[in-house]
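Since every read-out is calculated from the coordinates, none of them should be taken as a lab result. Source: prediction; values computed, not measured. Here the Cβ positions follow ideal geometry from the backbone for every residue, glycine too, while neighbour counts run over all protein chains shown.
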Amino acid sequence: MKVTVVFFGDFARLKPADWTGKRGTVEVPEGATLDNLASQLGIGDEPCVVMLNDEANHRGAELHAGDTVTFLPPIAGGEKTHRDAPRAHSPHAG
């Protein structure tokens, strides 16, 4: 059966060479799960957010013909910036 796969961010490096853009179709066996698809595409256990038909899902979810699966890099906090640093008390503040 065929599912549509969309790669965002760094995962674009894993897309098949014949794809144009970040989206393409992949053939998977009946009963395949998101985890099976991730392994098939070379993602394996790499941390990522997986969306199944625009909803976050666990990797054990079963795929169905026509599904759209999106792989995104993990969303996490960044480094502390100057905006996050405690502000010194200004003698002119009042």
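General remarks:
- 3J(HN,Hα) along segment 51-64: 10, 10, 6, 6, 10, 4, 8, 8, 5, x, 5, 7, 8, 10 Hz, from the Karplus curve 6.51 cos²θ - 1.76 cosθ + 1.60 with θ = phi - 60°, whole Hz, x for Gly and Pro.
- Charge tally for Pro74 (other residues, Cβ to Cβ under 12 Å; Lys, Arg +1; Asp, Glu -1): -2.
- Distance between the 7 Å Cα→Cβ label points at Ile75 and Trp19: 2.0 nm.
- Mean Cα-pair separation over length for segment 6-68, i.e. relative contact order, pairs under 8 Å, 6 or more apart, %: 33 percent
- Global geometry of segment 2-72, whether rounded, prolate or oblate, following the gyration tensor of its Cα atoms and the 1.5 cut on a/c: rounded
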